[in-house]
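The next block holds one structure in the form of structure tokens; read it before the comments.
Nothing in this text is a laboratory measurement; each read-out follows from the coordinates by a stated rule. Values in this document were obtained by computation on a predicted structure and should not be read as measured data. Virtual Cβ from ideal backbone geometry, glycine too; neighbours counted across all protein chains shown.
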Amino acid sequence: MTLITDGGSTKCDWVLLDSNGEIVFKTKTLGLNPAVIQREELISRISANETLQEVFSKVNNVDFYGAGCGTATPNAILKEVLQGLFNNAQVNVSEDLAAAVFSVTTEPGIVCILGTGSNSCYFDGKEIHAPIPSLGYMLMDEAGGNYFGKRMIRDYYYKRMPAEIASNFEKKYDLEADTIKKHLYKEPNPGAYLASFAQIIFEQKDFPPYYHSLLKEGITDFIVSRILTFENASSLPIHFIGSIAYFSKEVISECLKENNLKLGNVIQRPIDGLIEYYRKKLLD
């Protein structure tokens, strides 16, 4: 049996497939980004899931694709954690970009992630090329959830947010300065915390001008930093994966057109595409 995981900073989707590619179960855990979550917490989050507990010794292969797994040290930490729990399995840990590519295309294109954080790569049809590493919510993650959450907190405090939106914002969230600073500097996974503030953007069908402007600025920043850096960008479809991408598809399309770029596929959850990818692999 093969266990595949699409792991983000906020949540992880797990799917167990049998030898024929049929789904045995689907389940979820909290996020497992090893770049920001301590080893003990990683173990705790996986072990808390009773469905996973039942197959710890039964799984043959674990293929984990996750945020924060693109550099050597956090990758090795998560692999060790998974190997300790799934003690009879061959464990592979890869960056979430690989899952994004496998879930959205088999042809050359640029593949982008807009979820809690953000990232991009060029897929030439065989190999993934990601020349710019992701340095996370403090330095990068343009147009990711934490980017927009950070912007809105600043706009609220600097009185740049329209009054009606500010009123709704303070009703939905605890905006006490001490609370925010505690989460950012003392609690685990501050990127996911910041991203939680972006949820309010997508709670209405139509974006008010403030939200539309905010999304457009962030997506344009992402395009300049993460798409136009590929020399062949104008000749390729640009695919997007993640909740932020899915719910802001119209704004993404608008921004791409302004930069003479072509929108490809947009999907919310890569796990569904991964299931089909693995079914083909298992049956070949």
(request) Take the stretch 207-284, compute every pairwise Cα distance, and split them into 5 Å bins from 0; I just need the percent in each bin. (result) 3, 14, 22, 21, 15, 11, 8, 4, 2, 1, 0
(message) What whole-number volume per residue, in cubic angstrom, does the convex hull of the C-alpha atoms of the chain give?
(response) 130 Å³
(request) Give me the distance between the Cα centres of the stretch 204-227 and the stretch 122-160, rounded to whole Å. (result) 12 Å
(request) Go through the stretch 239-253 residue by residue and turn each phi into a ³J(HN,Hα) via Karplus (6.51, -1.76, 1.60, θ = phi - 60°); whole Hz please, and just put x for glycine and proline. (result) 9, 10, 10, x, 5, 4, 4, 4, 8, 10, 4, 5, 5, 4, 4
(request) At 7 Å along the Cα-to-beta-carbon direction for both Ser94 and Lys257, put a label point, then send me their distance in nm to one decimal. (result) 3.5 nm
(request) Pop out the ³J(HN,Hα) list for the stretch 62-74 in order, Karplus 6.51 cos²θ - 1.76 cosθ + 1.60 with θ = phi - 60°, rounded to Hz; leave Gly and Pro as x. (result) 10, 10, 10, 10, x, 4, x, 9, x, 10, 5, 5, x
(request) Would you mind computing the Rg to Rh ratio of the stretch 29-139 from its alpha-carbon coordinates, Kirkwood style for Rh? (result) 0.99
(request) Give the cross-link partners of Lys205 among the aspartates and glutamates, using a straight C-alpha distance below 15 Å as the criterion and excluding same-chain residues fewer than 8 apart. (result) Glu250
(request) Rounded to the nearest 500, what is the 222 nm mean residue ellipticity of the chain from helices alone, with -39500 (n - 2.57) per DSSP H run of 4+ residues and division by all residues? (result) -12000 deg cm²/dmol
(request) Treating each Cα of the stretch 113-225 as an identical point scatterer and ignoring solvent, apply the Debye formula and state log10 I(q)/I(0) at q = 0.09 Å⁻¹. (result) -0.27
(request) For the chain, find the longest principal axis of its Cα atoms and tell me its angle to the long axis of helix 163-172, 0 to 90°, nearest 10. (result) 30 degrees
(request) Please list the non-local residues whose amide H lies under 5 Å from the amide H of Val266, H modeled 1.01 Å from N, same-chain partners needing a gap of 5 or more. (result) Phe240
(message) Between Met138 and Glu22, how high is the FRET efficiency from 1/(1 + (r/R0)^6) when r is the Cβ-Cβ distance and R₀ = 41 Å? Nearest 0.05.
(response) 0.45
(message) Please compute the modelled spin-label separation between Glu164 and Tyr185, points set 7 Å along Cα→Cβ, answer in nm with one decimal.
(response) 3.7 nm
(message) My understanding is that a pair violates if its Cα-Cα distance is over 27 Å; which of Lys79/Lys280; Lys58/Lys281; Lys28/Lys159 do that in this structure?
(response) Lys28/Lys159
(message) With +1 on the Cβ of every Lys and Arg and -1 on the Cβ of every Asp and Glu, and nothing else charged, how large is the dipole of the chain about its Cα centre, in debye rounded to the nearest 20?
(response) 340 debye
